[in-house]
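K.L.:
Below is a structure I'd like to ask you about.
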Amino acid sequence: MNPSLPLLLLSLLLLLSPAAAAEQPSVALVAVEVRSPAAVERLAATGVPVYARLTAPAGEVMLAGADVRAQAQLRAAGLPFRALDADMAGAEYFVAYPAPGRSVPWAAYGRLLYADGRQAVLRSTASAVQRLQAEGVKVVPIGREPLPLLRRTAAGAAGAFADLSQPDPLVQAMVAQVSQATVYQYTGDLSGEWPVVVEGAPYTITTRNTLSGEPVRKATRYVGEHLAALGLSVEYHTYRTAWPPNVIGELRGVASPGTIYIVGGHLDNMPPSGRAPGADDNASGAVGTLIAADILSQYQWDCTLRFVFWTGEEQGLIGSDAYARRASQRNENILGVINLDMIGWNTPGSPPDIDLHANANLPATLDLADLFADVIAAYGLDLIPQIVPDGTGASDHASFWSRGYTAILGIEDYRGSPNDFNPYYHTSNDQLSRLDMAYFTDFVRAAVAATAHMSNCLRTGRLQGQVTASHDGSPIAAATVAVTRTVGYQGQVAADGAGHYATTVPAGSFAARASAYGYLPADVAGLTVGGGAVVTQNFVLTAAPPQAPAVAIGGSGGAINLAWAHVSPNMAYQVHRGESPYFTAEGSTQRAGFNLPFPNPVTYSDPASGLGNPLVNHFYVVLGVNAAGATVASQRVGEFDFALAPGG
């Protein structure tokens with residue numbers, strides 16, 4: 001027998017005894033004030049587990065578990081904190097976000113541990129939280145999995161979003177595709193205004209509540225089938241048994257597929273029973289995501305774009321939390337997330353304010369919010385952006401903040417004073433007919449453009465060449481080259497004085513047409529421009545046939561006056577005069593010439609006419625001249641004087 005075995009057994013018995021267990025220090029729930037990104041790094045260095053991040057006016061409040069030793073570490077790191085609950089054992093904690101301007105009797109739902117006017121921390125139970133949610137309060141459970149406060153991405157420091165002052169013609173073409181009619185149609189589809197085709201049969205989506213069963217399952221299939229029809233790969237991300245999945249459509253990047261950008265919004269809605277249209281909350285954000293997928297999927301991107309529809313948001317960001325946790329565990333290189341939540345309401349007659357919620361302790365979120373605001377200005381959208389540096393944690397972007405990812409929330413006027421928050425929030429009256437469609441459509445346009453600029457990875461090439469004339473090879477300075485695709489892009493560029501043109505185009509296959517006044521257009525189909533490629537395509541244009549003008553003649557003050565309307569595509573006119581009706585128009589007969597630009601009508605006066613002299617009769621013809629110098633004659637006109645001879 002091993003003589004050390006009794007000593008080992010005695011040690012184990014001591015560890016398992018009630019007295020030994022009582023000696024284990026209790027872990028308190030503490031609120032740590034973190035007022036700068038540097039303070040976040042100091043907190044991370046202590047190793048104290050953080051379970052939730054709450055934004056506050058002076059930075060963030062981190063909810064952490066800290067025993068006596070951990071509290072000493074926080075003090076040593078210069079991080080102020082206070083205990084909210086002395087012992088976390090067996091407790092359940094929740095962060096509650098009331099609707100703007102609403103007062104809640106917190107004591108009726110649990111023990112209030114923290115409140116700052118915008119959010120509260122409760123020690124409560126699942127049943128009490130369900131009652132609170134039914135009252136229209138967003139409640140997010142606080143888990144016991146430590147959050148990764150610092151994120152180092154494969155691409156280095158996140159948030160290098162380029163400044164934007166001028167619109168990009170390629171993105172402008174994307175913005176132009178967003179139509180109010182499509183916004184209206186998709187919103188009605190999701191809010192049950194009419195049946196949609198899902199899984200091959202008509203179905204009316206009367207609710208999208210996460211716990212509604214078949215209705216929300218149909219809603220997830222509706223968006224999934226829509227994404228699949230665009231050619232995207234679609235994942236139904238199941239995160240909880242019997243709950244509807246998150247739906248993710250992915251457009252995989254060509255050159256850097258591991259670099260990921262997301263635009264999304266939650267699909268689920270409230271109230272929990274009965275008809276729940278949820279037109280604003282949050283069919284609107286889902287519609288913005290669908291339309292972004294419609295448009296951005298027409299292009300090639302070097303990075304990966306994801307279009308995400310989260311479920312379980314109304315139950316506490318459950319779906320997005322599971323998604324962000326998985327992304328963090330996989331160390332996915334997500335460099336930007338735009339979360340759209342309630343983007344369709346604006347009180348009639350009120351300013352078109354929108355809020356962009358960021359987190360100052362994640363500086364790249366401020367950069368992304370700035371970019372979104374820049375997009376609104378650059379593309380002339382009728383929205384007034386307000387950046388909120390201490391943004392709310394009451395929507396799915398907060399799940400990404402909790403893992404150190406760069407994310408912002410785009411929402412209607414949520415934090416204004418007074419705010420313009422939807423008064424039909426979480427009721428059956430949140431309907432399509434109450435939305436401001438012009439405001440809503442511009443918000444979607446901003447989201448599409450902001451996603452394109454956020455990624456900054458549109459795959460493009462260069463198309464260049466020269467436009468010349470077939471008759472003499474001369475450059476055509478006034479030429480334009482229009483480049484079009486079947487869907488998604490139309491662009492036009494003017495040639496310079498030497499007939500040269502050059503334009504940046506999105507990678508793909510195109511048709512191009514060169515045209516110029518006075519010439520027949522030339523078309524080229526099947527042009528393929530790869531990412532980073534320079535493709536040269538020259539055009540040779542043939543002069544269009546000249547057209548004969550219709551000339552009117554008159555006389556006054558001894559002068560003959562001619563007038564005619566300019567006829568396209570003539571480049572010049574020549575006026576010829578002879579003394580017989582069918583004279584030959586040649587150099588010696590030309591009396592005047594006219595070149596572009598022409599007055600309307602074109603006129604010529606001949607003071608040296610023979611008007612009034614029966615011995616001299618003049619006849620006129622006007623030649624239309626094309627770009628190659630070819631001519632065509634007008635009808636002949638003239639004056640003819642005669643004298644009456646006396647006698648009988």
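K.L.:
Considering only residues of the stretch 599-638 that are within 51 Å of the chain's Cα centre (by Cα) and without any contact (Cβ under 8 Å) to a residue 40 or more places away in the chain, which is surrounded by the most Cβ atoms within 10 Å (Cβ to Cβ)?
P.N.:
Checked the stretch 599-638; the qualifying residue surrounded by the most Cβ atoms within 10 Å (Cβ to Cβ) is Pro601.
K.L.:
State yes or no: is Gly530 within 30 Å of Thr460 (Cβ to Cβ), out of contact with any helix residue (DSSP H, G or I) (no Cβ under 9 Å at 6 or more places or on another chain) and surrounded by fewer than 17 Cβ atoms within 10 Å (Cβ to Cβ)?
P.N.:
Criteria met by Gly530.
K.L.:
State all residues of the stretch 120-142 that are touching a strand residue (DSSP E or B) at 6+ places or on another chain (Cβ under 6 Å) and at pLDDT 95 or above; if no residue qualifies, say none.
P.N.:
The answer is Ala120, Val121, Leu122, Arg123, Ser124, Val139, Val140, Pro141, Ile142.
K.L.:
Right, something else. Identify, please: which residue in the stretch 72-118 is at pLDDT below 95 and of a type in the set (Lys, Arg) and is, among those, surrounded by the fewest Cβ atoms within 10 Å (Cβ to Cβ)?
P.N.:
Ranking the candidates gives Arg102 first.
K.L.:
Output the qualifying pairs, or none if there are none: Cβ atoms under 7 angstrom, residues six or more apart or on different chains, first residue in the stretch 418-443 and touching a residue at least 12 places away in the same chain (Cβ under 8 Å), second residue aliphatic (A, V, I, L, M) and in a helix (DSSP H, G or I).
P.N.:
Matching pairs, first to second residue: Asp430/Ala279; Gln431/Ala279; Leu432/Ala279; Leu435/Ala279; Met437/Val183; Phe440/Val183; Thr441/Val183.
K.L.:
List the strands (runs of 3 or more DSSP E) that sit entirely inside the stretch 127-244 and contain at least 2 residues that are surrounded by fewer than 17 Cβ atoms within 10 Å (Cβ to Cβ) and in contact with a helix residue (DSSP H, G or I) (Cβ under 9 Å, 6 or more places away or on another chain).
P.N.:
233-237
K.L.:
Would you check if Gly587 is in contact with a strand residue (DSSP E or B) (Cβ under 6 Å, 6 or more places away or on another chain) and small (Gly, Ala, Ser)?
P.N.:
no
K.L.:
Among the candidates Ala449, Ala469, Ala477, Ala482, single out the residue that is assigned by TED's automatic domain parsing to the domain that holds Ser297 and among the small types (Gly, Ala, Ser).
P.N.:
Ala449
K.L.:
Do we find a residue being in a loop (DSSP other than H, G, I, E, B), surrounded by fewer than 21 Cβ atoms within 10 Å (Cβ to Cβ) and either charged (D, E, K, R) or touching a helix residue (DSSP H, G or I) at 6+ places or on another chain (Cβ under 8 Å) (or both) anywhere in the stretch 62-71?
P.N.:
The answer is yes; a qualifying residue exists.
K.L.:
Right, something else. Out of the stretch 564-578, which residues are buried (at least 16 other Cβ atoms within 10 Å of the Cβ) and touching a residue at least 40 places away in the same chain (Cβ under 8 Å)?
P.N.:
Passing the criteria: Trp564, Val567, Pro569, Asn570, Met571, Ala572, Tyr573, Gln574, Val575, His576, Arg577, Gly578.
Residues are listed down the side, and each one gets a yes or a no for (1) touching a Lys or Arg at 6+ places or on another chain (Cβ under 6 Å); (2) over 30 Å from Ala52 (Cα atoms); (3) without any contact (Cβ under 8 Å) to a residue 24 or more places away in the chain:
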site	(1), (2), (3)
Ser127	no, no, yes
Ile142	no, no, no
Gln166	no, yes, no
Val178	yes, yes, no
Leu211	no, no, no
Arg221	no, yes, yes
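K.L.:
Quick check on Tyr517: is it not assigned by TED's automatic domain parsing to the domain that holds Ala173 and not in a strand (DSSP E or B)?
P.N.:
It is true that Tyr517 is not assigned by TED's automatic domain parsing to the domain that holds Ala173 and not in a strand (DSSP E or B).
K.L.:
Given the structure, is Gly258 in the same structural domain as Ser179 (by TED's automatic domain parsing), crowded, with 21+ Cβ neighbours inside 10 Å and of a type outside the set (S, T, N, Q)?
P.N.:
Spelling it out, it is not the case that Gly258 is in the same structural domain as Ser179 (by TED's automatic domain parsing), crowded, with 21+ Cβ neighbours inside 10 Å and of a type outside the set (S, T, N, Q).
The values are calculated or read from the model by the stated rules, or taken from the named source; none is laboratory data. Since we're looking at a predicted model, the values are computed, not measured. When we count neighbours, we look across all protein chains shown, and the Cβ atoms used for this are built from the backbone with ideal geometry, even at glycine.
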